2 protein chains.
Amino acid sequence: MTRANHDSDAICALSPGALSILDVAERLFAEKGFDAVSINDIAQQADVSKANIFHHFKSKEGLYLAALKSACEHAARALDDVEQSLSSDSPQAQLQAFFTQHLQELLASPRSTRLIQRELLESGSERGRRLAEEVFSENFSRLVELVRTGQVQGQFRQEFDAALVAFLLIGTSVFFTQTSAVLQHLPGAEFAKFPDDYGSAVFQLLSHGFQNTT
Amino acid sequence: MTRANHDSDAICALSPGALSILDVAERLFAEKGFDAVSINDIAQQADVSKANIFHHFKSKEGLYLAALKSACEHAARALDDVEQSLSSDSPQAQLQAFFTQHLQELLASPRSTRLIQRELLESGSERGRRLAEEVFSENFSRLVELVRTGQVQGQFRQEFDAALVAFLLIGTSVFFTQTSAVLQHLPGAEFAKFPDDYGSAVFQLLSHGFQNTT
DNA sequence: GTCTATAGCTGGATAGAC
DNA sequence: GTCTATCCAGCTATAGAC
């Protein structure tokens, strides 16, 4: 708990050995989950001894927290990049740009995404909540603001909660990446094989709705 | 693998002791995941001895599979009920009825939902895929057909993939139940506290889109 | 910083009495 | 069907040499 901050603040000063340990740990924890991964597994795949891992990290949980923090920093950085590269076009253009890049980012770094996903699944732990608050609340707020701007400018309907729209923009992407492996085995869901087409189709649908107005 | 079928076909003939074991197991596996739960934990909470569990179930994995199958049967039954109670109204009325009842079902039995969710997260295993295929593919197909019917009748836009619409109807509900615990801690997301309002608002949004047409 | 060796414990699973 | 007692493999973590 208290120690984790200390460990990962100096993340850039870690020796190369520690970095490869962290890298392997992040991958294995993301793939199999905390309890299914042993220090032995990590030691083998990182080509170091078990004891060496305990030299660099205080405990197994400490290593896990370090990997989690690394994944969060990666995710947060990616979101920042997305927002910085937003053109100063209309809100709907900005929203579409965010949506597209966000989906691409999720697809490009499935490891971090998955590790965070797993952590959020443990809703019982305080960790998951604090994590979400600290890492995502700021970015989420900015996205909500973007929707609100579109609403006051009259481009978006005012009858909808801006936070709800933002939630759906994020959720449809996350849920897609989360289920795409199994989606491909459902009949009629060929869209699972073309993430880019999925992205633009979903944005179209969220924009205009599936119901016919003619 | 081969034994699981044998075990759970006779699920109704199990002794009361076995049923309480299965009940506790389903709860714990859903809450913490397979690896984080020990036979000791289950034995304690079910008020039986460790050995008794191995008398009723061949192994820890056998017990897990039994719990998973129970959860799947529960979920599938709920979906069947939903479809049977569909009125013979217009496709959009049927679609809305399905959406509403599906969301309510998810909220009413979070244990089963969560256990299946966890299993799907392990996309590496064949189990997850087969599970989704066998349990959900039929219901998913029926939902897709419902959307197609609305399309040929001209009530829904034909430009969208029917399977995509069906996917979003399911995904927005599942993702909501999945993240609601953490959602409540995000600024501006008050809708997390009112699932019913969330349901109707999302259906409105998916129907008409967030973009202004005036 | 990195290793070998090992302590100390808990996990799943079994044997056999009742 | 249910229990107590037990086996042993595998785990986290530490000690101490280099």
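Could you pull out the residue among B:Asp89, B:Asp80 that is more than 12 Å from DNA strand C (Cβ to nearest atom) and part of a helix (DSSP H, G or I)?
Among B:Asp89, B:Asp80, only B:Asp80 is more than 12 Å from DNA strand C (Cβ to nearest atom) and part of a helix (DSSP H, G or I).
Answer yes if at least one residue in the stretch A:149-166 is assigned to a loop (DSSP other than H, G, I, E, B), out of contact with any strand residue (DSSP E or B) (no Cβ under 8 Å at 6 or more places or on another chain), touching a residue at least 12 places away in the same chain (Cβ under 8 Å) and more than 7 Å from chain B (Cβ to nearest Cβ), and no otherwise.
Checked against the condition, which is being assigned to a loop (DSSP other than H, G, I, E, B), out of contact with any strand residue (DSSP E or B) (no Cβ under 8 Å at 6 or more places or on another chain), touching a residue at least 12 places away in the same chain (Cβ under 8 Å) and more than 7 Å from chain B (Cβ to nearest Cβ), the stretch A:149-166 yields at least one hit.
What are the residue pairs meeting all of these: first residue in the stretch B:48-67, first residue assigned by TED's automatic domain parsing to the domain that holds B:Leu28 and in contact (Cβ under 8 Å) with a residue 24 or more places away in the chain, second residue more than 14 Å from DNA strand D (Cβ to nearest atom) and of a type in the set (Lys, Arg), Cβ atoms under 7 Å, and 6 or more apart or on different chains?
B:Lys58/B:Arg3; B:Gly62/B:Arg3
How many of the residues in the stretch B:50-61 are crowded, with 19+ Cβ neighbours inside 10 Å and part of a helix (DSSP H, G or I)?
1
Which members of the stretch B:110-148 meet the condition of being touching a Pro at 6+ places or on another chain (Cβ under 7 Å) and more than 7 Å from chain A (Cβ to nearest Cβ)?
Scanning the stretch B:110-148 gives a single hit, B:Leu146.
In the set B:Phe194, B:Phe176, B:Phe203, which member is surrounded by fewer than 18 Cβ atoms within 10 Å (Cβ to Cβ) and under 22 Å from the mean Cα position of the chain (by Cα)?
B:Phe194 is the lone residue from the list that is surrounded by fewer than 18 Cβ atoms within 10 Å (Cβ to Cβ) and under 22 Å from the mean Cα position of the chain (by Cα).
Could you check the stretch B:150-173 and list, in sequence order, the residues that are among the β-branched types (Val, Ile, Thr) and surrounded by fewer than 18 Cβ atoms within 10 Å (Cβ to Cβ)?
Result: B:Val152, single match.
Going through the stretch A:42-57 one residue at a time, which ones are away from DNA strand D (no atom under 11 Å from the Cβ) and of a type in the set (A, V, I, L, M)?
If the condition is that a residue be away from DNA strand D (no atom under 11 Å from the Cβ) and of a type in the set (A, V, I, L, M), then A:Ala46, A:Val48 are the ones that fit.
Among the residues of the stretch A:98-117, are any under 28 Å from B:Asp197 (Cα atoms), over 16 Å from the mean Cα position of the chain (by Cα) and not aromatic (Phe, Trp, Tyr)?
no
Considering only residues that are aromatic (Phe, Trp, Tyr) and closer than 17 Å to B:Tyr198 by Cβ, look in the stretch A:167-187 and name the one that is nearest to the other protein chains (Cβ to nearest Cβ).
Only one residue tops the list, namely A:Phe175.
The values are calculated or read from the model by the stated rules, or taken from the named source; none is laboratory data. Since we're looking at a predicted model, the values are computed, not measured. Cβ sites come from the backbone with ideal geometry, for glycine too, and all protein chains shown count toward neighbours.
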